[in-house]
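Beneath this line is the structure, given in structure tokens, with notes to follow.
The values are calculated or read from the model by the stated rules, or taken from the named source; none is laboratory data. This structure is a prediction, so every number in the text was calculated from the model and none was measured. All Cβ positions, even for glycine, are placed from backbone atoms using ideal geometry, and neighbour counts span all protein chains on display.
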């Protein structure tokens with residue numbers, strides 16, 4: 001018997017399951033399971049990737065200064081209070097590494113991002129799940145769950161996979177009532193899809209214990225590059241940088257993110273097309289008896305009568321070359337998360353679900 005044993009909590013981690021991308025026996029599929037940008041990255045980002053190839057023998061920047069300054073300029077933030085990571089997931093991991101450990105508790109909500117309990121267990125902390133209310137984060141439920149052991153509270157806003165969001169006032173009420181020694185992490189991976197939403201930046205400026213995270217994987221179309229960032233008070237950023245690997249982001253990833261961040265025209269195009277097609281998709285599915293909450297993201301959460309119908313619809317969609325995401329693992333067994341694709345993809349989804357519903361009558 002092997003006497004080398006992992007740290008407590010490691011073997012309690014269920015392996016993360018990414019969105020499916022293949023269907024056996026179907027050659028041409030449309031992947032709508034990972035909330036990827038159907039229009040791809042900015043052409044300027046693609047050009048920056050090509051240009052970076054000549055310097056692949058060089059080490060990348062250790063402090064990501066150029067990218068941090070571009071983000072700061074575009075977002076109106078202090079670049080010295082920004083940290084970059086391999087996707088926002090890594091920044092979330094930095095937070096847990098630095099501020100939670102054995103005997104501590106990490107709060108997340110029942111429909112929140114599935115990486116939160118994994119990250120808590122990575123550092124030996126106990127994940128504490130609190131209920132949501134009608135697929136929305138419930139601030140009162142979070143506050144009721146806070147104990148002396150609570151070190152981190154993770155909130156996704158807008159939510160994934162729910163697509164819903166809570167107001168700035170609710171976020172502020174949560175920050176107001178958390179203990180000073182408890183970090184509130186506002187995960188804003190989908191913030192760019194909401195006009196006028198700062199992702200929580202103003203709260204970061206107002207409170208000592210709030211951190212905001214963002215990503216280049218969604219609206220910027222750089223999921224394959226794995227670039228994210230966080231914004232917090234400077235003393236928190238200095239702590240997080242102590243657990244960050246010095247060369248955590250490649251030269252190519254940094255170049256792509258910097259170019260993407262500066263292409264405001266392409267960002268606006270992706271945002272407006274997503275809003276148009278999202279509205280059409282949700283309206284058309286509602287007409288055939290598949291409702292969804294008003295979405296603040298690049299996906300909708302389509303709801304069915306029960307788990308049996310949701311899974312049957314998913315199986316039917318696969319026969320039509322359409323891959324969406326089951327979310328029973330997020331405590332939403334009667335729902336399917338459907339990424340807003342391009343116009344052709346949205347029309348194919350509506351046609352296929354309409355056909356499924358007619359066949360089920």
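Annotations
- Residue match in segment 228-244 (condition: surrounded by fewer than 24 Cβ atoms within 10 Å (Cβ to Cβ) and farther than 25 Å from residue 184 by Cβ): no
- Condition check for residue 295: modelled with pLDDT of 95 or more, in the same structural domain as residue 28 (by TED's automatic domain parsing), out of contact with any helix residue (DSSP H, G or I) (no Cβ under 9 Å at 6 or more places or on another chain) and within 30 Å of residue 70 (Cα to Cα): no
Every residue, every condition in (1) part of a loop (DSSP other than H, G, I, E, B); (2) surrounded by fewer than 17 Cβ atoms within 10 Å (Cβ to Cβ); (3) modelled with pLDDT of 95 or more; (4) assigned by TED's automatic domain parsing to the domain that holds residue 192, yes or no:
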position: 19; (1), (2), (3), (4): yes, yes, no, no
position: 52; (1), (2), (3), (4): no, no, yes, yes
position: 58; (1), (2), (3), (4): yes, yes, yes, yes
position: 67; (1), (2), (3), (4): no, no, yes, yes
position: 71; (1), (2), (3), (4): no, no, yes, yes
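- For segment 147-194, a tally of residues being crowded, with 18+ Cβ neighbours inside 10 Å and in a helix (DSSP H, G or I) returns 6.
- Qualifying positions in segment 195-213 - surrounded by fewer than 17 Cβ atoms within 10 Å (Cβ to Cβ) and part of a helix (DSSP H, G or I): 202, 205, 206
- Subset of segment 93-112 [assigned to a loop (DSSP other than H, G, I, E, B) and surrounded by fewer than 21 Cβ atoms within 10 Å (Cβ to Cβ)]: 101, 102, 103, 104, 110
- Neighbours by Cβ (under 8 Å, 6+ apart or cross-chain): first from segment 132-143, at positive phi and outside the structural domain of residue 302 (by TED's automatic domain parsing); second surrounded by 20 or more Cβ atoms within 10 Å (Cβ to Cβ) and part of a strand (DSSP E or B): 135/301
- Taken over segment 113-137, residues that are in a loop (DSSP other than H, G, I, E, B) and either out of contact with any helix residue (DSSP H, G or I) (no Cβ under 9 Å at 6 or more places or on another chain) or crowded, with 24+ Cβ neighbours inside 10 Å (or both) amount to 4.
- Residue match in segment 263-277 (condition: surrounded by fewer than 17 Cβ atoms within 10 Å (Cβ to Cβ) and more than 27 Å from residue 215 (Cα to Cα)): no
Residues are listed down the side, and each one gets a yes or a no for (1) assigned to a helix (DSSP H, G or I); (2) outside the structural domain of residue 271 (by TED's automatic domain parsing); (3) under 30 Å from residue 197 (Cα atoms):
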site	(1), (2), (3)
290	no, no, yes
310	yes, no, no
318	yes, no, no
329	yes, no, yes
341	no, no, yes
344	yes, no, yes
347	yes, no, yes
350	yes, no, yes
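- Members of segment 250-276 found to be assigned to a loop (DSSP other than H, G, I, E, B) and over 26 Å from residue 194 (Cβ atoms), listed by number: 250
- Just one of the listed residues (195, 187) is touching a residue at least 40 places away in the same chain (Cβ under 8 Å) and more than 14 Å from the chain's Cα centre (by Cα), namely 195.
- Each residue in segment 352-361 was checked for being touching a strand residue (DSSP E or B) at 6+ places or on another chain (Cβ under 8 Å) and either surrounded by 24 or more Cβ atoms within 10 Å (Cβ to Cβ) or outside any helix (DSSP H, G or I) (or both), and 1 pass.
- Residues within segment 163-183 that are farther than 19 Å from residue 123 by Cα and out of contact with any helix residue (DSSP H, G or I) (no Cβ under 8 Å at 6 or more places or on another chain), tallied: 8
- Selection status of residue 305, buried (at least 17 other Cβ atoms within 10 Å of the Cβ), out of contact with any strand residue (DSSP E or B) (no Cβ under 8 Å at 6 or more places or on another chain) and farther than 21 Å from residue 32 by Cβ: no
- When each of 342, 283 is tested for being farther than 23 Å from residue 114 by Cα and free of Cβ contacts under 8 Å to residues at least 12 places away in the same chain, the lone residue that passes is 283.
Matching residues to (1) in contact with a helix residue (DSSP H, G or I) (Cβ under 8 Å, 6 or more places away or on another chain); (2) more than 25 Å from residue 100 (Cβ to Cβ):
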{"position": "237", "(1), (2)": "yes, no"}
{"position": "242", "(1), (2)": "yes, no"}
{"position": "253", "(1), (2)": "no, yes"}
{"position": "258", "(1), (2)": "yes, yes"}
{"position": "278", "(1), (2)": "no, yes"}
